[in-house]
Every structure is written in structure tokens, then in C-alpha cells.
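**Student:** Next up is a structure, given as C-alpha cells.
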Amino acid sequence: MKKFWLLFLIVLSAQAVQAQLPKITLKDIQGKTVQTDTLSNGGKPFIIDFFATWCKPCNRELDAISEVYADWQEETGVKIYAVSIDQAQNINKVKPLVDNHGWEYEVLLDPNGDLKRALGIQMIPYVLIVDGKGNIVYKHNGYTDGAEEELIEKVRELSQVKSEK
């Protein structure tokens, strides 16, 4: 009986970590509709980074990632979706901020906080890593200088697991 409960707990914890993205309808900064449950990267991992124009740590994090993003893409093929949680009255500030910083990310808009709420996110910056099968395998909130290294390490681990199969 102990083995059963141990196995049950292992399965339960694996499911808790490997949640899927909820189905929420957002728009990108060009106004195109995007379903969040269809976000993908051709079987490779991707990162979802929640930010707001007024959030200084968010902007520092996205700037730091931007400096190494081309290298990350070349090495692992990772893709980044930056999700703005700016409210509707501030949505018009998102594209100028993205352009000004030169961010090469796919930017999605969550003005009503639907995706943020569905994922139980309280604070930003908040980062998710999604594996090639669409499972959320890593979550992190807050930003300190250098934290982006932890992100690429997780992506590298996922990329190696895939290439070993």
C-alpha cells in the first residue's frame, strides 16, 4: 500500500509541474488574435515573460535577455513571448517601449489580466518555460541581475533531453 501512495504522490507532483497553458484569447502588438493554448516553438522550448511598461525590473530583465537572445536562439532555438499586462489605457505605450528597447520578442497584450489570472500570477516580472510538448516546466518571479542565466540553463537542459531521445 505504501508503494501505491508513493507512486500516487509522484504522479500527482509531476502533473502539478507539467501544467498546460490555458486557452485565453489575446492580441499581439499588430492587433492579430492569438490563442495562448496554441503558443509553440516547433517542438522546442519557449519562454513566456510577463512584464509591464511601468515595471523597471521587468524592463531590465527583458533588456538583459535581449543582449543574449540571438545567441540563445542559435544554440537552443528558444523563442520568447513577452506578455504585457498593461491595462487598456496604457496599451498604446507598449509598442513604443518595445521598439525603443529593440526587443525582438513576440509581444502579446493581456490588458484585462486574463492570462495572468488564469496562471495565478501575483507579481511581475514572472517567467514561465514551456517545453516542446506545451507543458509548463519552470516558473520564476522577480528579477535580479544575472537571473537570465538560470533561464538559459533550464532551456539547455530541456534541449538536451530532447536531443538525447
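The values are calculated or read from the model by the stated rules, or taken from the named source; none is laboratory data. All values derive from a computational prediction rather than experimental measurement. No Cβ is skipped: glycine too gets one built from the backbone with ideal geometry, and neighbour counts run over all protein chains shown.
**Student:** When you look at residue 139, is it surrounded by fewer than 20 Cβ atoms within 10 Å (Cβ to Cβ), within 14 Å of residue 49 (Cα to Cα), among the basic types (Lys, Arg) and in contact with a strand residue (DSSP E or B) (Cβ under 6 Å, 6 or more places away or on another chain), yes or no?
**Tutor:** yes
**Student:** Go through (1) surrounded by fewer than 16 Cβ atoms within 10 Å (Cβ to Cβ); (2) of a type in the set (Asp, Glu); (3) more than 20 Å from residue 33 (Cβ to Cβ) one by one and return the number of the condition residue 148 breaks.
**Tutor:** For residue 148, the exception is condition (1).
**Student:** Could you say which residue among 94, 34, 68 is more than 18 Å from residue 150 (Cα to Cα), surrounded by fewer than 19 Cβ atoms within 10 Å (Cβ to Cβ), modelled with pLDDT of 95 or more and among the aliphatic types (A, V, I, L, M)?
**Tutor:** Selected residue: 34, the only one of 94, 34, 68 that is more than 18 Å from residue 150 (Cα to Cα), surrounded by fewer than 19 Cβ atoms within 10 Å (Cβ to Cβ), modelled with pLDDT of 95 or more and among the aliphatic types (A, V, I, L, M).
To keep it simple, each residue is scored yes or no on (1) within 22 Å of residue 140 (Cβ to Cβ); (2) not in a helix (DSSP H, G or I).
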site	(1), (2)
26	yes, yes
30	no, yes
44	yes, yes
47	yes, yes
63	yes, no
89	no, no
98	yes, no
107	yes, yes
112	no, yes
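**Student:** Could you list, in sequence order, the residues of segment 29-52 that are over 17 Å from residue 115 (Cβ atoms) and among the polar types (S, T, N, Q)?
**Tutor:** 30, 41, listed by residue number.
**Student:** For segment 3-13, indicate whether the set of residues that are at pLDDT 95 or above and among the basic types (Lys, Arg) is non-empty.
**Tutor:** No, segment 3-13 contains no residue that is at pLDDT 95 or above and among the basic types (Lys, Arg).
**Student:** Condition (residue is closer than 16 Å to residue 25 by Cα and touching a residue at least 12 places away in the same chain (Cβ under 8 Å)) applied to segment 66-82: is it met by at least one residue?
**Tutor:** Yes - at least one qualifying residue is present in segment 66-82.
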